[in-house]
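Below is one structure; the comments refer to it alone.
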Amino acid sequence: MRRADPPGEPGRQLSLFGTEAADPSVADLAGLLAGPGEVHRMGRTARLSVGVDAAWRVHVLVDELARRGLAAGWESTGEQRYVVRTPYLTTLAPLATAWLAGGVKRPPPRFHLHGRRLRLWLAAAGAADDAGLLLRLDRRDEPWWPVVRAALAVVGLPAALLEVEAGGPAYRIGGRRLARLAELVGDRPPAAPADLWP
């Protein structure tokens, strides 16, 4: 299925898993939880938070959360460190139910990725190296990294694990797969550096 090509984008095709395939939703926040994001429950509500290392990430994430009807705040936690977080909301409770087991974060059964989820992950924890782009992981989630890696492979992004001692943990996407990542995550947000967006 093809859509009309916008000016300057001849031959561009809608991806089944890309950001344009559906409207933004709260379920997209699973992309943040695949990386360094955290979710916490309080009664029938939950809050999502993610630590980031640059001010541009704060701007992009606050905007992305607003597109999903979530007002988010942020605070500085030190030199070039920030935390973006939502308030405790009932709308986030299903996300917490899916991702928390005994208070520990882990991907739910049938976890999958698509463009909107990858866009959030890239905005929060994407980095560049000589071999491609990195999607950073949370060290505490190591038992579940293979689940996330399998979800990347399903959308055409088989990735190499960059170990902690080599500057990770992160999954590296390089070579011709960068074009696939670009197709999935959509246009670069204005605040994002060009070298950190495919």
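Whole-Hz Karplus values for region 161-168 come out as 7, 9, 6, 4, 5, 9, x, x Hz, taken residue by residue from phi with 6.51 cos²θ - 1.76 cosθ + 1.60 and θ = phi - 60°; glycine and proline positions read x. Taking all protein chains together, R81, R57 sort by accessible area into R81, R57, largest first [probe 1.4 Å]. Shown for the chain: the carbon plus sulfur share of the solvent-accessible area, taken with all protein chains present and a 1.4 angstrom probe, equals 55%. Over the residues of the chain, the helix contribution to mean residue ellipticity at 222 nm works out to -8000 deg cm²/dmol, using -39500 (n - 2.57) for each DSSP H run of at least 4. Under the rule a/c < 1.5 gives rounded, and otherwise a/b versus b/c splits prolate from oblate, where does region 44-133 land using the Cα gyration tensor? Cα axes put region 44-133 in the oblate bin. Peptides 136-146, 108-118 ranked from most to least packed, by the mean per-residue count of other Cβ atoms within 10 Å: 108-118, 136-146.
Computed over protein heavy atoms with a 1.4 angstrom probe, the accessible surface ordering of Y82, Y171, largest first, is Y82, Y171. When E183, E38 are compared by accessible area of protein heavy atoms, the largest-first order is E183, E38, using a 1.4 Å probe. Using the Cβ of W144 as centre and a radius below 11 Å, the other residues enclosed give a net charge of +1, where K and R count +1 and D and E count -1. Entry comment: accessible area of region 46-187 is 47 Å² per residue, from protein heavy atoms only and a probe of 1.4 Å. Potential lengthening of the chain between R176 and D195 amounts to 5.2 nm, from the contour at 0.36 nm per residue minus the alpha-carbon distance.
As an equivalent ellipsoid, the chain spans semi-axes of 25, 20, 18 angstrom, where each value is the square root of five times an eigenvalue of the C-alpha gyration tensor, largest first.
The values are calculated or read from the model by the stated rules, or taken from the named source; none is laboratory data. These numbers come from a predicted model, not from an experiment. Counting neighbours? That spans all protein chains shown, and the Cβs are built from the backbone with ideal geometry, glycine included. Surface areas here come from the heavy atoms of the whole protein model, side chains and all, with no ligands, DNA or RNA. Shrake-Rupley method; radii C 1.70, N 1.55, O 1.52, S 1.80 Å.
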